[in-house]
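Please treat every number below as a calculation from the coordinates, not as lab data. This one's a predicted model, so the numbers in the text were calculated from it and none came from an experiment. Neighbour counts run over all protein chains shown; Cβ positions are idealised from the backbone, glycine included.
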Amino acid sequence: MDKLIRSRFYKDRLFKGGIMLFTVLSTVPLLLILFYIVKQGISSINWDFFINLPKPVGEKGGGIINGLIGTSIIVLVASVIAIPFGAVIGLYLSEYSRDKLSYWVGLCVDVLQGIPSIVLGIIIYLWVVKPTGHFSALSGSIALAIMMLPPIIKSTEETLKLIPGTIKEASLALGVPYYKTILRIILPMGLSGILSGSILSISRVAGETAPLLFTAFGNPFINTNILKPMSSLPLLIFNYAGSAYEDWHKLAWGASFVLIMMILLLNIVTKILERKWKIQF
Amino acid sequence: MINLNEVLTKGFDYKSITHKSKENKKLANVLRFENIFQKGLGLTGIILIIILLSIFITLAITSMPSIKHLGIKFLYSKEWNPVTDEFGALPFLLGTLLTSLLALIISTPFALSSAIFLGEYYPAGIVSNILKNIIELLASIPSVVYGFWGMVVLVPIIRNIELKLHVLPYGVGILTSSIILAIMIIPYSVSLSRQVISMVPPSLKEGAYSLGATRFEVIRKIIIPHTRSGLFAAVLLALGRALGETMAVTMLIGNSHYIPKNIFSPGNTMASVIANEFTEATGNVYLSVLIEMGLLLFVVTTLINISGRQIIKRYIFH
Amino acid sequence: MENSILNVQHLNAYFGEAKILSDINIQIPKNQIVSFMGPSGCGKTTFLRCINRLHELTPGARTEGSIYLQEEDIYKLSLILLRRKIGMVFQRPNPFPTMSIFENVIAGYTLNGIKLSKPQKEEIVEDSLRKADLWKEVKDTLHKKGTFLSGGQQQRLCIARSLSMKPDVILFDEPTSSLDPISSNKIEELLLELKTDYTIIIVTHNLQQAARTSDYTAFFYLGELVEFNTTQVLFSNPLNKRTEDYISGRFG
């Protein structure tokens, strides 16, 4: 009897130890990767790094400015497309949650979220690049915009659903038309939620490479024309990482470092905003 | 003189107002806009559905040349000859399945442990928050950075192991990409599994504890059986994610068109073939074959996604 | 009844298949305080919400029968116009959180795009806040957010917001049930002042409140209007046994 209980306690301790061990081990890759990126990346960072174009092999120095500008423009255009569209769909889902159509729209959002990003790249290639005959930053933005829709829609829907129904009733009871109630009262109240969802979606697509491979394609020079091919940080990293040259590897590390810092920053901003609207109600 | 009631009745023909008093006009406009607004909202939902359907239809139509030319051979042939237009996706199908399944096998003990740790042992508090943040951070790292790190850090390690095992020291290959893939899908399985585990009703656990069960026994005999379907869904959704992962795998899998002999061989997945060869594909059939692989990926990940979410919904409402 | 402002005829209300109100016939007199009372679930709040057609917001809700506001059929009138003529104050105070006190009071106008000059706006705001007995307490903080006020003050702010539209009828849905006794008292006194210019309908759970404040009382039970009379008569000499049982506390 005593022996049985002791063995059970022993197993319990062993199990807990095993769980903790494996959990800690799960964090190891992250720490390793971050450590490596910081170590390699920081040595590449200097002022030149940010304002120069990549130099051909053999020449020292060079920078990632084409990638920086490219990522900024492509993500900006994608946001302009995705945020209004996503917010409206989120609004629709929160207001008409009991409609049959609403169920199918919700299903579409889930499916959209799971589509591999390379497939989206293929689609936009077929829809935009092939008909126009050339790669363009705009096509890259459209692909990214589709990827941004699900997070924006979901967080808009969630925030608006949290708003107490009695506010809507108070406005309607004053004789305010429904559409004005939504636009002037409900939406402003949900703004921080919509914003946090938008910034979250930006942080998710900023690092995406696959959808840009056959749309924005990349560009060794600075380009601000969205109808032409454009570089972006992830594309830079992919191209230079795949090369055999040490110099270009250094560039790739620097770019990785910058990219990770950007994403981290966006994540922190999202968290702060989330705290704001989750507490409000 | 206009009867106010008539003006403001719903079915009124706004254009026929002859007595254009400002008040009447304004109210009529408001009613008209009200209608447009409500219909407009529904329209945006429909646009989303149309976009999704268009994606599927586009993939299907542009895969037609490949389907017509190759038929079923696409699935079982291992020829890859752009010159003679003979394509078989078998090596890539195998590569995809191998890497994803291997990644699942590698990641599950770690993901499950973390989920149990966060869902059962430490659901709240500083430790829990730090861990949750670390795992979320894992999900934020771009795929291409994972690939790069893998190239520089992981590949030499694997190469060393291969040397010791007297296998060809490619460094890259199925194993290497599976390892990176495993790391990448951990955050997704942990997040969902943790939620599922923390949803076990306390009354169930307390019943077992009051009978003298140890924590291990409660987890093994009460929590895991109860959450079985939820955990399965979490694994399923992680699998869906792994199947579609492109960049890191492309950089670490070795890009070979042959069927991998063992886990140390180089190989290719459907996604990595598309990534590598899409822009260089010459000829209608070649491109169409790659698109057909994209179609396959789309269909499989969508099915996995929908079933996973259905299972979760059913689990929650139980 | 001469001088009635609301005329309800054969009103039935449904939520899907469930019948909530059966054959309600009532005439609400002008410039009086009418209270609707009855036990929980008797339909009094549903009836209130039928009057300004807020009942229709719930999916699956429908009504049969007619309601006339000063001879106009409210189902033929546009919702927007109707709700400007009938104001509503809710159980829990619900000032708009993103707006200041000033903006809250004038919200009915600004949200409807009705252009007013600054002096016009100030006049309406001051007038409404005075009528709601809130002016003195907030006149120096008009541009602060409405949510900083106490519960009772917020409720009076909501009353001022309804008053600013100059409605004919104001509906109150258990307006004091979430307030402390002192604030409740203030609101009851306010109702007595308001009736000179407006018709007041108040749903209340509180028998004593109905007896104190209202001129007429309607007693509802299980979706039916059981009795409607002057408060004095209904409380001292109820015609219907069910009314008498409710008043003497035998149920409810």
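What to note about this one:
- Relative to the Cα centre, the charge distribution of region A:65-276, modelled as +1 at Lys and Arg Cβ and -1 at Asp and Glu Cβ, gives a dipole magnitude of about 380 debye.
- Placing dummy labels 7 Å off each Cα toward the beta-carbon, the span from B:Leu165 to C:Lys166 is 8.8 nm.
- Computed FRET value (nearest 0.05) for C:Ser178 with B:Asn29, which takes r as the C-beta separation and R₀ as 35 Å: 0.35
- Degrees separating the helix C:151-163 axis from the principal Cα axis of chain C, which is the longest one: 90 degrees
- Helix-only [θ]222 nm of chain A, DSSP H runs n ≥ 4, -39500 (n - 2.57) each, per residue, nearest 500: -24000 deg cm²/dmol
- Taking every alpha-carbon pair within region A:184-250, the share separated by more than 15 Å comes to 65 percent.
- The angle between the Cα long axis of helix C:181-194 and the longest principal axis of the Cα atoms of chain C comes to about 90 degrees, rounded to the nearest 10.
- Ignoring lysines fewer than eight residues from A:Lys228 along the same chain, the ones with Cα atoms less than 19 angstrom from its Cα are A:Lys130.
- For chymotrypsin sites (Phe, Trp or Tyr not before Pro), the sites in region B:230-266 that DSSP calls loop and that have at most 16 other Cβ atoms within 10 Å are B:Tyr258.
- Within region B:199-274, trypsin sites (Lys or Arg not before Pro) in DSSP loop having at most 16 other beta-carbon neighbours inside 10 Å: B:Lys261
- Neighbourhood net charge (13 Å Cβ-Cβ; Lys/Arg +1, Asp/Glu -1) for B:Ile46: +1
- Cα→Cβ-extended label distance, 7 Å offset, between B:Ser128 and A:Ile42, nm: 3.4 nm
- Angstrom value of the Kirkwood radius, inverse mean 1/r, which spans all Cα pairs in region C:197-252: 11.6 Å
- One way to sum up the overall shape of region B:55-206 is the equivalent ellipsoid from its Cα gyration tensor, whose semi-axes run 38, 24, 14 Å, largest first.
- Placing a label point 7 Å from the Cα of A:Lys11 along the Cα-to-Cβ direction, the residues of region B:203-219 with a backbone N closer than 13 Å are B:213-219.
- Anchor C:Lys44: aspartates and glutamates whose Cα lies under 15 Å away (excluding residues fewer than 8 positions away in-chain): C:Asp23, C:Asp173, C:Glu174, C:Glu224, C:Glu227
- Dipole of the protein assembly as shown, positive direction: furthest Cα of B:Leu231, C:Cys158, A:Ile182, with charges on the beta-carbon: B:Leu231
- Largest mean-square fluctuation among A:Ala252, A:Ala137, A:Ala173, in a Gaussian network model of chain A whose springs join Cα atoms under 10 Å apart, belongs to A:Ala173.
- For region A:117-218, the spherically averaged projection of the C-alpha convex hull amounts to 7.7 nm².
- Spin-label model, C:Ser117/C:Glu224: points 7 Å from Cα along the beta carbon direction are separated by 5.9 nm.
- The convex hull built on the alpha-carbon positions of chain B has an orientation-averaged projected area of 27.9 nm².
- Calculated FRET value between B:Val153 and A:Trp104, using beta carbons and R₀ = 41 Å, to 0.05: 0.35
- Here's the list of aspartates and glutamates a cross-link from A:Lys3 could span, going by alpha-carbon distance under 20 Å and ignoring same-chain residues fewer than 8 apart: A:Asp12, B:Glu217.
- Counting other Cβ atoms within 10 Å as a rough exposure proxy, the listed residues C:Met99, B:Met251 run C:Met99, B:Met251 from fewest neighbours to most.
- A convex hull fitted to the Cα coordinates of chain C yields 129 cubic angstrom per residue.
- Residues listed by number, region B:55-76, amide nitrogen under 14 Å from B:Asp85 label point at 7 Å toward C-beta: B:64-71
- Of the DSSP H helices in chain B, those whose Cα atoms cover at least 15 Å axially and whose Kyte score averages 0.0 or more: B:22-70, B:90-116, B:126-140, B:174-198, B:224-244, B:284-316
- Here the calculated FRET efficiency for B:Leu43 and B:Met64, from their Cβ-Cβ distance with R0 = 35 Å, stands at 0.70, rounded to the nearest 0.05.
- Listed by Cβ neighbour count within 10 Å, with the fewest neighbours leading, B:His69, C:His143 appear as C:His143, B:His69.
- Sparse packing (at most 11 other Cβ atoms within 10 Å of the Cβ) combined with a DSSP loop state is found for the following trypsin sites (Lys or Arg not before Pro) in region B:20-71: B:Lys20.
- Fraction of the pair-distance distribution of chain A above 27 Å, Cα-Cα pairs, percent: 54 percent
- Largest-first principal axis extents of the Cα set of the protein assembly as shown (Å): 106, 87, 56
- Within-9-Å neighbourhood charge of C:Lys186 [Cβ basis; K, R +1; D, E -1]: -2
- Kyte-Doolittle at least 0.0, axis length at least 27 Å by Cα - qualifying DSSP helices, chain A: A:2-44, A:65-95, A:137-162, A:246-280
- Going by neighbour counts of Cβ atoms within 10 Å, the residues A:Val109, B:Val285, A:Val80, B:Val144 line up, fewest first, as A:Val80, B:Val285, A:Val109, B:Val144.
- Rg [Å, one decimal], Dmax [Å, integer] - region C:1-40, C-alpha atoms: 12.6, 36
- Residues of region B:251-272 falling in the label zone of B:Leu101, defined by backbone nitrogen less than 17 Å from a point 7 Å along Cα to beta-carbon, are B:259-265, B:267-270.
- Estimated Rh, region A:1-53: Kirkwood, alpha-carbon pairs, angstrom: 15.0 Å
- When the listed pairs B:Lys26/C:Lys85; C:Lys166/C:Lys195; A:Lys180/A:Lys271; C:Lys115/C:Lys139; C:Lys85/C:Lys195; B:Lys78/B:Lys164 are checked against a 19 Å cut-off, the alpha-carbon distance exceeds it for A:Lys180/A:Lys271; C:Lys115/C:Lys139; B:Lys78/B:Lys164.
- Between the alpha-carbon centres of region B:227-260 and region B:88-117 there is a gap of 5 Å.
- Local net charge near C:Leu11, Cβ-Cβ under 9 Å (Lys/Arg +1, Asp/Glu -1): -2
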